[in-house]
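A short worksheet on the structure shown next.
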Amino acid sequence: MARYEQVQGTVALITLTNPPVNALSAAVRLGITETVTRALRDPEVKSMVICGENGVFCGGADIREFAKPMSGPPLVPMIAAIEEGEKPVVAAIEGAAFGGGLELALGCHYRIAHSKARVGLPEVTLGLLPAAGGTQRLPRLIGLAPALDLITTGRHVTAQEALKLGIVDQVTDQSALDLAIQFAQQVVGQPLLPRKLSTRQTPCPPDVDGLLEETMAQVKQRARGAMAPIACVQAVRAAATLPYQAGMQKEQELMATLFHSSQARAMQYCFFAQRAVGRWSLSSGAHSGNSKPRPVSKVAVIGLGTMGRGITVALVKAGMSVLAVETNKKQLEIGKQMVSAMLKHDAQKRNATPRLDLLHFTIDLLELKNTDLIIEAVFEDMALKKQVFKELSSVCKADAFLCTNTSGLDVDELAAVTKRPELVVGMHFFAPAHVMKLLEVVHGSRSSPEAVATAMHLGKRLGKVSVLVGNCAGFVGNRMLKPYLEQANFLLEEGATPELVDGALEEFGFPMGVFKMSDLSGLDVGWRIRKEAGLTGPNVDPRDPPRRRQGRRYSPLPDLVCEQGRLGQKNGRGWYLYDKPGGRVATPDPSIHKFLEEYRIKHGISPRQIDRQEVVERCLFALINEGFRSLDDGIAAGPEDIDMIYVFGYGWPRHRGGPMFYAGMVGLPRVLTRLEHYRQAHPEVPHLEPSPLLRRLVASGSPPINKWRDFLQRPHSQL
Ligand SMILES: CCCCCCCCCCCCC[C@H](O)CC(=O)SCCNC(=O)CCNC(=O)[C@H](O)C(C)(C)COP(=O)(O)OP(=O)(O)OC[C@H]1O[C@@H](n2cnc3c(N)ncnc32)[C@H](O)[C@@H]1OP(=O)(O)O
Ligand SMILES: NC(=O)c1ccc[n+]([C@@H]2O[C@H](COP(=O)([O-])OP(=O)(O)OC[C@H]3O[C@@H](n4cnc5c(N)ncnc54)[C@H](O)[C@@H]3O)[C@@H](O)[C@H]2O)c1
């Protein structure tokens, strides 16, 4: 797993050979240990170069090995042997040097990078810290503040930034390997001690404690309960305050607390799940491996509201030409101003030029005749969307794909009004569409594999995590959100306050609780949907009592709040009070408390003490239960799909792995028992009835999450 060659007479070239990313598996570590020992012993060899095969230096430790018993030579002594050796070693970094890969490079005496290479210590994103000396060597090389930044965020750094920071010694547009070999010959005989990072002092600012405290406070706030970022600060502190060996000891101790933690397992599960959801398949036998996307160069976006603007920005940022369409000149001008401003703002942040030349605006649908793919983002109104799809079907070229950004309407119903139902798919973006990483690609019953492949591929080009889902009301994400919102409202009826519910969910790790999130989205959005569904407004069945609709318990609280003119952040009043319309800082509102008290009195409800555990269980177990139903219906292909939808689209804390992974961590029998308990207490809430799949899994001994697919009633039946 490490190839040994002698080049230019005196240079030992060691190549890591473990495709696709040359991860440091046990075999690779053994290969490095043996080849380095050989080179150090060979009197003909004066220096060494370490590189990776196939244009990638090294993607770090082999993450798949973390779940198995450790075998092979450990990384720390392997890297120490390279650094301590008396022959200069140069790392030739092409592609990527991440995690253990960069730590290996830091053990080398020099680093040469290709201009397209990226480096970083992303262990924190796996629930770990860089534990092969990274927390001790990087600060000694680049200083305390930049090392804290890189290690606590895990961000990837370009070769140019790495050169500026001093992580690499040279960057080249040519072959990094050729330059490294040349370099390795030139440095023979030069003093090696100053190049050994373990011998250096960490460059620190005068107020070390102040910097560490400030960083710790920021990290704790960002971490939302994740342990790894905090351990990263503690480890880097050791690099600034302790001798090297004691720092290494601290690094190992901190790693020991993280390594087998549920958070690390959750985050490593997310790493692989994110990649797995890209490998989609349909019941027809079509799959990502045998279905080719069609090239798309011209895209149109219909509707330049909240979503259309974000989608347009995302497309332009990916270098695509976009024709943006609105109903009239006034709306078009507003949309144009907004999109241009968003692109300029984004370019300014990146010190780049906004690609306004890729944007075209029109109110004339006839201009769409050469477009390859159209994304409709008009109001959530089936009649309007059908009208738009009919027009698109007649004006667009026969093989153009027609996609809808609907949040949950029936994709088949839209496809049916076109002459090309096989080219219709859902592309459900999340707000703000140029920021949020999730794309639900909705497969209608007649969507072709080519249409699915093209939408999935387009999502990838936009930098999204694309997840293929089936067609049902709300698809996967919004369908599961319904019981979650419902439970939150019931908790208010029973005695909770918005801040109690939100506090419990934020403590769980969500960036904001359900009521703050609703205020942010706008309370009128759900109100409109409930009116259309006949749950409130003039279409309600007059025989329904106020707290019952369509045969089940219903809470009119959100409708009553809207009727008071409280629409959320947009007008400064929702479940909370804001300093001004559009304000972001939520303050508990005594008039909402009074309103809730009066409501309970009116409906004869005796408020009770509700604790945080009940909030988490009622809201999240109801959501998880619907996740099991979506799996059993074949609307979600697997638990990983649901988990990635929630992590990337709904702010589910990554260190808890997603709702389905979390259910497995809590224990399926416990989730079942608690749902049964709440169902008994609230017999009029069908969403609390444990799903048949959950029952089957528990009856089968609660198999691990990677076996759940074997228990599905209709695997892929809807896809
Ligand atoms: C009492 C107990 C004491 C316990 C103490 C234990 C001490 C243990 C000592 C450990 C020492 C720690 C060493 C180190 O600090 C830890 C690490 O290095 S962790 C790994 C850090 N690296 C990363 O996070 C990088 C991960 N990879 C990527 O970001 C990307 O893959 C890439 C390298 C940028 C390449 O991107 P792409 O080209 O887009 O390719 P893909 O992402 O699709 O990947 C292709 C394929 O490769 C698989 N893969 C990638 N990286 C790894 C890896 N590091 N290990 C295993 N597999 C990897 C990836 O999953 C893809 O495969 P697929 O999933 O599609 O089958
Ligand atoms: N807002 C969200 O958070 C969100 C998230 C995901 C999906 N969606 C979905 O995206 C779609 C758009 O939602 P939004 O929030 O952007 O709505 P919005 O009200 O902000 O914007 C809709 C835009 O469509 C334009 N429009 C209406 N009819 C049109 C027509 N015939 N031709 C061209 N333009 C037309 C309107 O002028 C308006 O600018 C909806 O289907 C919604 O359910 C919204």
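The values are calculated or read from the model by the stated rules, or taken from the named source; none is laboratory data. These numbers were taken from a predicted model, which means no experiment stands behind them. When we count neighbours, we look across all protein chains shown, and the Cβ atoms used for this are built from the backbone with ideal geometry, even at glycine. Heads up: the accessible areas ignore ligands, DNA and RNA and are worked out on the full protein's heavy atoms, side chains in. Shrake-Rupley method; radii C 1.70, N 1.55, O 1.52, S 1.80 Å.
Residues in the stretch 48-72 that are surrounded by fewer than 16 Cβ atoms within 10 Å (Cβ to Cβ) and in a loop (DSSP other than H, G, I, E, B) were compared, and the one that is nearest to ligand 2 (Cβ to nearest atom) is LYS68.
When you scan the stretch 213-240, how many residues do you find that are closer than 29 Å to HIS109 by Cβ and not β-branched (Val, Ile, Thr)? Spell out the reasoning first.
Step one: list which residues in the stretch 213-240 are closer than 29 Å to HIS109 by Cβ, which gives 231-240.
Going one step further and asking which of them are not β-branched (Val, Ile, Thr), we end up with 231-232, 234-235, 237-240.
Total meeting the criteria: 8.
Suppose the filter is buried (at least 24 other Cβ atoms within 10 Å of the Cβ) and either at pLDDT below 95 or within 26 Å of TYR650 (Cα to Cα) (or both); does HIS434 pass it? The answer is no for HIS434. Restricting the search to strands (runs of 3 or more DSSP E) fully inside the stretch 399-451 and requiring at least 1 residues that are away from ligand 2 (no atom under 15 Å from the Cβ) and touching a helix residue (DSSP H, G or I) at 6+ places or on another chain (Cβ under 9 Å) gives 401-404, 438-443. Each residue in the stretch 104-123 was checked for being closer than 27 Å to MET267 by Cβ and open to solvent by 10 Å² or more (accessible area, probe 1.4 Å), and 3 of them qualify. Among the residues of the stretch 455-483, those identified as more than 20 Å from SER284 (Cα to Cα) and open to solvent by 30 Å² or more (accessible area, probe 1.4 Å) are LYS460, ARG461, GLY463, ALA473, ASN478, ARG479, LYS482. Exactly one residue out of PRO191, PRO146 is surrounded by fewer than 23 Cβ atoms within 10 Å (Cβ to Cβ), free of Cβ contacts under 8 Å to residues at least 40 places away in the same chain, in the same structural domain as PHE66 (by TED's automatic domain parsing) and not in a helix (DSSP H, G or I), and it is PRO191. If you go through the stretch 124-143 and keep only what is crowded, with 24+ Cβ neighbours inside 10 Å, within 20 Å of GLN263 (Cβ to Cβ) and not aliphatic (A, V, I, L, M), you end up with GLY127, PRO130, GLY134, THR135. Taking LYS344, is it in the same structural domain as ARG461 (by TED's automatic domain parsing), open to solvent by less than 20 Å² (accessible area, probe 1.4 Å), charged (D, E, K, R) and at pLDDT 95 or above? Judged against the criteria, LYS344 is not a match. For the stretch 651-660, the criterion of a residue being under 30 Å from PRO704 (Cα atoms), open to solvent by 30 Å² or more (accessible area, probe 1.4 Å) and not assigned by TED's automatic domain parsing to the domain that holds GLU563 is satisfied by at least one position.
Close Cβ contacts (under 6 Å, 6 or more residues apart or on different chains) running from residues in the stretch 92-110 that are at positive phi to residues that are charged (D, E, K, R) comprise GLY99/GLU123. When ASP559 is tested against (1) open to solvent by less than 60 Å² (accessible area, probe 1.4 Å); (2) in contact with a strand residue (DSSP E or B) (Cβ under 7 Å, 6 or more places away or on another chain), just one condition goes unmet, and that condition is (2).
Just to check your reading of the model, which residue among GLN263, GLN274 is crowded, with 17+ Cβ neighbours inside 10 Å, touching a His at 6+ places or on another chain (Cβ under 6 Å), over 30 Å from LYS336 (Cβ atoms) and not acidic (Asp, Glu)?
On the way: GLN274 fails: touching a His at 6+ places or on another chain (Cβ under 6 Å).
Sole residue among the options that is crowded, with 17+ Cβ neighbours inside 10 Å, touching a His at 6+ places or on another chain (Cβ under 6 Å), over 30 Å from LYS336 (Cβ atoms) and not acidic (Asp, Glu): GLN263.
When the stretch 11-24 is filtered for residues that are open to solvent by less than 10 Å² (accessible area, probe 1.4 Å) and more than 20 Å from ALA184 (Cα to Cα), the ones remaining, listed by number, are ASN22, LEU24. SER321 meets each of the listed conditions (1) more than 16 Å from ligand 2 (Cβ to nearest atom); (2) touching a residue at least 40 places away in the same chain (Cβ under 8 Å); (3) open to solvent by less than 40 Å² (accessible area, probe 1.4 Å) apart from (2).
Would you say ARG355 is open to solvent by 80 Å² or more (accessible area, probe 1.4 Å), modelled with pLDDT of 95 or more, over 19 Å from PHE401 (Cβ atoms) and within 16 Å of ligand 1 (Cβ to nearest atom)?
Working: open to solvent by 80 Å² or more (accessible area, probe 1.4 Å): yes; modelled with pLDDT of 95 or more: yes; over 19 Å from PHE401 (Cβ atoms): yes; within 16 Å of ligand 1 (Cβ to nearest atom): no.
So ARG355 fails the test.
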